[in-house]
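Working notes for the structure below.
The values are calculated or read from the model by the stated rules, or taken from the named source; none is laboratory data. For clarity, every value in this text was computed on a predicted model and none was experimentally measured. Don't worry about glycine lacking a Cβ; one is built from the backbone with ideal geometry, like all the others, and counts go over all protein chains shown.
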Amino acid sequence: MARKIDIFDTTLRDGEQSPGASMDAQEKLVITRELLRLGVDVIEAGFPVSSPGDFKSVQDIAKLCGDKCVVCGLTRAVENDIDVCADALKVAERPRIHTGLGVSPQHLKYKFRGMTLDEAIDRGVMAVKRARKYVEDVEFYAEDAGRAPYEDLAKMIEAVIKAGATVVNIPDTTGYSVPWEFGQRINYLMEHVDGIEDVTVSVHCHNDLGMATALSLAGVMNGATQVECTINGLGERAGNTAMEEVVMAIKLHGDDLDAYTTIDPKEFTRASKLVSGISGVSVQPNKAIVGANAFVHSSGIHQDGVIKNRSTYEIIAPEDVGAAGSKIVLTARSGHHALRQRLEELGYSDLTDERFEKIYAAFLEMADRKNQVYDEDLHSLMSEQDRNKNAIYKLDAVQISCGQPLIPTATVTMTDAYGRTHTVSEYGVGPIDAMYNAVNKIVQEENELIEYTVQSVTRGVDAIGEVTMRIMAPNGDVFTGRGSDGDVTVSSTKAYVNALNRMHAAQMQAKNREKDKRGRTIPEHI
């Protein structure tokens, strides 16, 4: 029989570590519901010791999941980390503690200041044994395993299995490996580690060389039965293995890999858009499986082939990943029921009547400006609504004048958290610069604009323009803001205010953490 490959999703933990991609507690629960619809086997809910907010988020996710999947919390090989993680997972019906430390020469020498391999093994064994006091399911990660000598890695893995680890994670933390070598590494462990046949072997690959999916598949081919991944490949630096890519590769090549998953691929398009909208990290149009152009044919030769038989150029049917099928075309004449039904189909359920009425009013305003409202417009509208919840600063109005020979001028009206209204006019070298100066004069939060992009949400001259802005705080932290409107100058202002709200919220959380008497530290990442 083919081997069942467990899908371990770390969108809420490793994915959130993408610069500017932080998610609040409610957004994490929205994503959790989608992960449950996908049918993931394990959800890594967070790093409980990192902050009180992360601790509570892990608890909330565990309660929501019930017995539908394993809920996992990350720790370092530190006693307090493990104790706090176990406390957060008390409410979980299927808890797992994920603990570990580095094993590569680079990590031992520099990160752990000259720790010997034997010392690292002793610490790993301690961590597993302590975790086993709380839960039966313990996963051990050998950080930077992709650069560790085979013998050292095997020695570490064998020791933690004997200590009680039920899952061993072999991460290519830096994305350094190439597929054939990483496959050999997994094969070596399968042949040289006593007891490895009795545990789950997991792979956690990063995409620094653009090979995360290939590395994960090489791991599966050589014995791994769990793949750690994220929606859209979200994650640190160049990201992680993309769930949609590795699952569809296994689906198409299951016989060669002797493998299958129980993921529902029809949820991929919806999951991708949901995570992109919440995280603020756009999906590139040519992204495999879920990109806007994944099933678009522009070449005449390709079009001719697809018209005759779509298998000539499509190896995956768009509807198999939720990317096609009939669409309800919404206009200003559409009623409440049609809009609510379409929103539910797109994953926006449990809307209260009060919130829905606000959304419907915004929908009508959008529909009055457009002939048709597409699904992408609705995703943009919902993201805009969510961005305005609990905002420190709210944009009331923006008016910009520019052109030849006018001096670009922006007038901005905003309301702060105390209910005070501020109106300011400023000049700039262009309309966006003028807006930026006006908002800064009101908010007075030091930052640097490091990225500004505009893209059309749908087709047509009346398309919604979505702006993504990234700003850098004085401490180097990067925050992403998004805004959408039919007027790109309004979209730009909304995006900038959204980024400022995220930055301000993070600064307040940092201040609160400093006051936390438990003295917990910032997470170290796999």
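Annotations for the structure displayed:
- Total residues in the range 242-296, condition among the polar types (S, T, N, Q) and without any contact (Cβ under 8 Å) to a residue 12 or more places away in the chain: 3
- Subset tally (residues that are over 16 Å from Val488 (Cβ atoms), over 37 Å from the mean Cα position of the chain (by Cα) and not in a strand (DSSP E or B)) for the range 393-429: 4
- Checklist (1) in contact with a strand residue (DSSP E or B) (Cβ under 7 Å, 6 or more places away or on another chain); (2) in contact (Cβ under 8 Å) with a residue 24 or more places away in the chain; (3) surrounded by 14 or more Cβ atoms within 10 Å (Cβ to Cβ) applied to Thr413, failing item: (2)
- Picking from residues in the range 280-292 that are touching an Asp or Glu at 6+ places or on another chain (Cβ under 8 Å) and crowded, with 17+ Cβ neighbours inside 10 Å, the one that is nearest to Leu500 (Cα to Cα) is Val290.
- On the stretch given as the range 102-140, residues that are closer than 19 Å to Ile196 by Cβ, in contact with a strand residue (DSSP E or B) (Cβ under 8 Å, 6 or more places away or on another chain) and not in a helix (DSSP H, G or I) total 5.
- Test: residue in the range 468-475 that is among the small types (Gly, Ala, Ser), outside any helix (DSSP H, G or I), over 21 Å from the mean Cα position of the chain (by Cα) and modelled with pLDDT of 85 or more: yes
- Taking the range 476-497 as the range and being out of contact with any Phe, Trp or Tyr (no Cβ under 9 Å at 6 or more places or on another chain) and over 14 Å from Gly465 (Cα atoms) as the test, the residues that pass are Gly476, Asp477, Val478, Phe479, Thr480.
- Residue check for Val321: surrounded by 15 or more Cβ atoms within 10 Å (Cβ to Cβ), touching a Pro at 6+ places or on another chain (Cβ under 8 Å), at pLDDT 90 or above and closer than 27 Å to Thr468 by Cα: yes
- Qualifying residue in the range 249-262 (condition: within 19 Å of the chain's Cα centre (by Cα) and not assigned by TED's automatic domain parsing to the domain that holds Leu346): no
- Residue ID - nearest to Leu74 (Cα to Cα), chosen from residues in the range 183-206 that are touching a residue at least 24 places away in the same chain (Cβ under 8 Å) and among the acidic types (Asp, Glu): Asp198
- Test result for Ser349, outside any helix (DSSP H, G or I), exposed (fewer than 13 other Cβ atoms within 10 Å of the Cβ), at pLDDT 75 or above and not assigned by TED's automatic domain parsing to the domain that holds Asn440: yes
- Any hit, the range 52-71, residues being under 20 Å from Ile170 (Cα atoms) and either within 24 Å of the chain's Cα centre (by Cα) or outside the structural domain of Ala165 (by TED's automatic domain parsing) (or both): yes
- Tally, over the range 154-174, of residues that are farther than 10 Å from Val199 by Cα and part of a loop (DSSP other than H, G, I, E, B): 2
- Test: residue in the range 478-494 that is touching a helix residue (DSSP H, G or I) at 6+ places or on another chain (Cβ under 8 Å), closer than 21 Å to Val283 by Cβ, in contact (Cβ under 8 Å) with a residue 60 or more places away in the chain and in a loop (DSSP other than H, G, I, E, B): no
- Of the candidates Asp368, Asp375, the single residue that is over 28 Å from Ala21 (Cα atoms), modelled with pLDDT under 85 and of a type in the set (Asp, Glu) is Asp368.
- All conditions in (1) of a type in the set (A, V, I, L, M); (2) touching a Ser or Thr at 6+ places or on another chain (Cβ under 7 Å); (3) surrounded by fewer than 15 Cβ atoms within 10 Å (Cβ to Cβ) hold for Leu252, with the sole exception of (2).
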